[in-house]
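Participant: Here you go, one structure.
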Amino acid sequence: LYRRGVALSRLGRLPGAQAEVTTVAKKDTKNKAARQELSAVKEKLKLAKAMEKERMKGLFDGPSMYQDQIQAQEAKVAEEQRQEAEKVAKEKAREEQLASEWTKEEARRDND
């Protein structure tokens, strides 16, 4: 197990190496080499995690690759909202015109 753990460590398969060396260290508490290898593997894992974090840090920063599609969608929505507002305004103006004509027609009928 110890040799397999060391081999895995050298190959860069750190999680497997940690499992193997941990097993050896737990079974043989006096095995100084296993404890040293375990601490080395843990240190390598910590370093690998830090490097991965650094590498991934800028992954989602910066402009989106879909920025142009997002802007086109926002423009489309804004245009639809503008057209809807225009439609509502025209309907309201038409209703006011009809109400005005109705009032004039009623006044004309009352005067006759």
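Participant: If you place +1 on the Cβ of every Lys and Arg, -1 on the Cβ of every Asp and Glu, and leave all else neutral, what size is the dipole of the chain about its Cα centre, to the nearest 20 Debye?
Facilitator: It comes to approximately 2440 debye.
Participant: Rounded to two decimal places and with Rh computed the Kirkwood way over Cα pairs, what is Rg over Rh for the chain?
Facilitator: Dividing the radius of gyration by the Kirkwood radius yields 1.80.
Participant: So if each residue of separation counts as 0.36 nm, and I subtract the Cα-Cα distance between Arg4 and Phe60, what length gain in nm does that give?
Facilitator: Full extension from Arg4 to Phe60 adds 16.4 nm.
Participant: Compute the relative contact order of region 1-103 as a whole-number percentage, counting only Cα pairs closer than 8 Å that sit 6 or more residues apart in sequence.
Facilitator: Relative contact order of region 1-103: 16 percent.
Participant: Among the lysines, which have Cα under 30 Å from the Cα of Lys49 when same-chain residues fewer than 8 positions away are ignored?
Facilitator: Lys26, Lys27, Lys30, Lys32, Lys57
Participant: Treat each spin label as a single point 7 Å out from the Cα along the C-beta direction, and report the Leu11 to Glu80 distance in nm.
Facilitator: Computed distance between label sites Leu11 and Glu80 equals 5.5 nm.
Participant: Also, quick follow-up: Under 1.5 on a/c is rounded, so check that first for region 33-91, then, if it is not, pick prolate when a/b is larger than b/c and oblate when it is not; a ≥ b ≥ c are the square roots of the alpha carbon gyration tensor eigenvalues.
Facilitator: prolate
Participant: Here is a further query. Placing +1 on the Cβ of each Lys and Arg and -1 on the Cβ of each Asp and Glu in the chain, which of Ala19, Ala85, Ala107 has its Cα farthest towards the positive end of the resulting dipole?
Facilitator: My answer, from the dipole projection, is Ala19.
Participant: Choose one answer from Leu14, Leu38, Leu98: the residue with the largest mean-square fluctuation in a GNM of the chain with alpha-carbon springs under 10 Å.
Facilitator: Of Leu14, Leu38, Leu98, the most mobile in the Gaussian network model is Leu98.
Participant: Here's something else I'd like to know. How large is the helix-only mean residue ellipticity at 222 nm for the chain, computed as the sum of -39500 (n - 2.57) over DSSP H runs with n ≥ 4, divided by its residue count, in deg cm²/dmol to the nearest 500?
Facilitator: -30000 deg cm²/dmol
Participant: Stretched out fully, how many nm does the piece from Glu96 to Arg109 gain, at 0.36 nm a residue minus the Cα gap?
Facilitator: 2.7 nm
Participant: Among Gln73, Gln36, Leu98, pick out the residue whose Cα is farthest towards the positive end of the charge dipole of region 13-112, where Lys and Arg carry +1 and Asp and Glu carry -1 on C-beta, about the Cα centre.
Facilitator: Of Gln73, Gln36, Leu98, it is Gln36.
Participant: Which trypsin sites (Lys or Arg not before Pro) in region 1-39 pass both tests, a DSSP loop state and at most 10 other beta-carbon atoms within 10 Å?
Facilitator: When the trypsin sites (Lys or Arg not before Pro) of region 1-39 are filtered for loop state and at most 10 Cβ neighbours within 10 Å, Lys30 remain.
Taken together, the values in this text are just the output of simple stated rules run on the coordinates, not laboratory data. Everything quoted here is computed from the prediction, not taken from an experiment. Methodologically, a virtual Cβ is constructed for each residue, glycine included, from the backbone with ideal geometry; neighbour enumeration extends over all protein chains shown.
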